[in-house]
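Trainee: Let me begin by handing over the structure; questions about it come next.
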Amino acid sequence: MKLTRTLVFAFVLPAGILSLLLARTLGRLAAQNQSSKKYSQTPTIEEYQPKSTLVTKEHKIDRAKFPFIDIHSHHWNPTPEHVDQLVKEMDTINLRVIVNLSGGTGDQLRQTVAAMKGRYPDRFVVFANLNYDDLNTPGYGKRAAARLEQDVKNGAQGLKIFKNFGMDVKYSNGERVHVDDPEFDPVWQKCAELGIPVLIHTAEPSPFFDPWDYHNERWLELKQFPQRARPPEKYAPFETLVAERNHLFAKHPKTNFIAAHLAFYGNDLERLGKTLDSLPNMYVDIAAVLAELGRQPYSAHDFLIKYQDRVLMGKDIYDVNEYKWYFRALETRDEYFEYYRPRHAFWRIYGFQVPDEVLKKIYYKNALKLVLGIDRKAFPD
């Protein structure tokens, strides 16, 4: 209509004014068109980013209430500069000890121990890893156990098993190495003999194994990171993998196992509780699964109270600025706040504040119980 009116006035307005009016009108129409494209009434799931109008009390916590041990961190081939910077950052948030799960084996393990514990003996713990290069040579399990024993002599204080074990590691004939494969029994027996824990990552979040459809709550993450999907034509089912893991724990009752990421049962705490009840040598960390606990604050609170001796603090991918979400969730009753990595969850999370005695166990007491050689003087009684 505005453009039509401008054309009618063309008979009575000077040419210069007419040109100016036409330019302004066309500009407004173009801007309106661009705005409608940018803010369409039918946004895609990736475009939709609602801002909450909820007003509640907030408690921003930048430093943990008690010193804590991060049982689940990764630092590959750390340099002296990296380690020095780590310690400076750790001090700002009350992070007393980092457990580096990516220590490697052999020469790499020695170098990692020297770079971290050699510079700051009381601030770091290093876990060893398995080498599968000679997997297809008879006697692999015994050799792997012997290598682990040497790694412990060289400073390792635990063993970390990465997610490829059970999913991607295969024998030369193409057969998948099962999580409870008897070939590895000497390794777990050696861990019991040496008194070191095994932190093991088995499987992935169950939605990664489910059909990638509009019922999958990790749909957006799988769209953005399709390599995280675990389709059945390439991977064993989720239930198969966790059954093998639980059988492994049951087979070796004298070995302490820490199931990473709440054993990927964070969406079913009742099931996790029953599993812990049946396996006294099983512990869990909360690394990278805060979103699971935070969306069920009542259940999370009750679970942590009941299983306070079996849960350990962990973060996974190190970022000094992201720990404060863990502090806020564990130490406050704040409501409906954003998770630090929204792609992991379409939901906001809540604080599930636990009592100080429980908090101390999660932050450091349970780790001190499992990992030998940590200076206990740096922690409250």
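The values are calculated or read from the model by the stated rules, or taken from the named source; none is laboratory data. Computed from a predicted model, the values in this text were never measured in an experiment. FYI the Cβ positions are ideal-geometry reconstructions off the backbone, even for glycines, and counts take in every protein chain you see.
Trainee: Listed residues Lys360, Lys315; which is at negative phi, touching an Asp or Glu at 6+ places or on another chain (Cβ under 8 Å) and crowded, with 20+ Cβ neighbours inside 10 Å? Working first, answer last.
Mentor: Numbers: Lys360 fails: touching an Asp or Glu at 6+ places or on another chain (Cβ under 8 Å).
Testing whether each residue is at negative phi, touching an Asp or Glu at 6+ places or on another chain (Cβ under 8 Å) and crowded, with 20+ Cβ neighbours inside 10 Å leaves just Lys315.
Trainee: Looking at (1) in a helix (DSSP H, G or I); (2) surrounded by fewer than 21 Cβ atoms within 10 Å (Cβ to Cβ); (3) in contact with a strand residue (DSSP E or B) (Cβ under 9 Å, 6 or more places away or on another chain), which is the only condition Ile305 fails?
Mentor: With (1) in a helix (DSSP H, G or I); (2) surrounded by fewer than 21 Cβ atoms within 10 Å (Cβ to Cβ); (3) in contact with a strand residue (DSSP E or B) (Cβ under 9 Å, 6 or more places away or on another chain) applied to Ile305, the lone miss is (3).
Trainee: Now for a separate question. Which pairs have Cβ atoms under 6 Å, sit 6 or more apart or on different chains, and link a residue in the range 275-288 that is within 17 Å of Lys324 (Cα to Cα) to one that is at pLDDT 95 or above and surrounded by fewer than 21 Cβ atoms within 10 Å (Cβ to Cβ)?
Mentor: Ala287/Asp316; Ala288/Asp316
Trainee: Which members of the range 124-146 meet the condition of being within 17 Å of Leu101 (Cβ to Cβ) and among the basic types (Lys, Arg)?
Mentor: none
Trainee: If you check Lys65 against the conditions, is it modelled with pLDDT of 55 or more, of a type in the set (D, E, K, R), out of contact with any helix residue (DSSP H, G or I) (no Cβ under 9 Å at 6 or more places or on another chain) and assigned to a loop (DSSP other than H, G, I, E, B)?
Mentor: Details: modelled with pLDDT of 55 or more: yes; of a type in the set (D, E, K, R): yes; out of contact with any helix residue (DSSP H, G or I) (no Cβ under 9 Å at 6 or more places or on another chain): no; assigned to a loop (DSSP other than H, G, I, E, B): yes.
Answer is no for this residue.
Trainee: Looking only at the range 137-172, count how many residues are of a type in the set (Asp, Glu) and either within 18 Å of Pro186 (Cα to Cα) or surrounded by 15 or more Cβ atoms within 10 Å (Cβ to Cβ) (or both). Before you say what the answer is, go through the steps one by one.
Mentor: Let us first name the residues in the range 137-172 that are of a type in the set (Asp, Glu), namely 149, 151, 168.
Next, only the ones that are either within 18 Å of Pro186 (Cα to Cα) or surrounded by 15 or more Cβ atoms within 10 Å (Cβ to Cβ) (or both) stay: 149, 151.
The total comes to 2.
Listed here are the residues, each with its yes/no results for (1) within 26 Å of Glu47 (Cα to Cα); (2) among the aromatic types (Phe, Trp, Tyr); (3) assigned to a helix (DSSP H, G or I).
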site: Asp213; (1), (2), (3): yes, no, no
site: Glu217; (1), (2), (3): yes, no, no
site: Leu222; (1), (2), (3): yes, no, yes
site: Pro232; (1), (2), (3): no, no, no
site: Thr240; (1), (2), (3): no, no, yes
site: Arg245; (1), (2), (3): no, no, yes
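Trainee: Step by step: first the residues of the range 182-199, then only those that are touching a Lys or Arg at 6+ places or on another chain (Cβ under 7 Å) and in contact (Cβ under 8 Å) with a residue 60 or more places away in the chain, then the one that is farthest from His74 (Cα to Cα). Which residue is that?
Mentor: Ala192
Trainee: Pick from Leu7, Leu21: which is surrounded by 12 or more Cβ atoms within 10 Å (Cβ to Cβ), part of a helix (DSSP H, G or I), in contact with a helix residue (DSSP H, G or I) (Cβ under 7 Å, 6 or more places away or on another chain) and at pLDDT below 95?
Mentor: On the way: Leu7 fails: in contact with a helix residue (DSSP H, G or I) (Cβ under 7 Å, 6 or more places away or on another chain).
One residue alone meets the criteria, Leu21.
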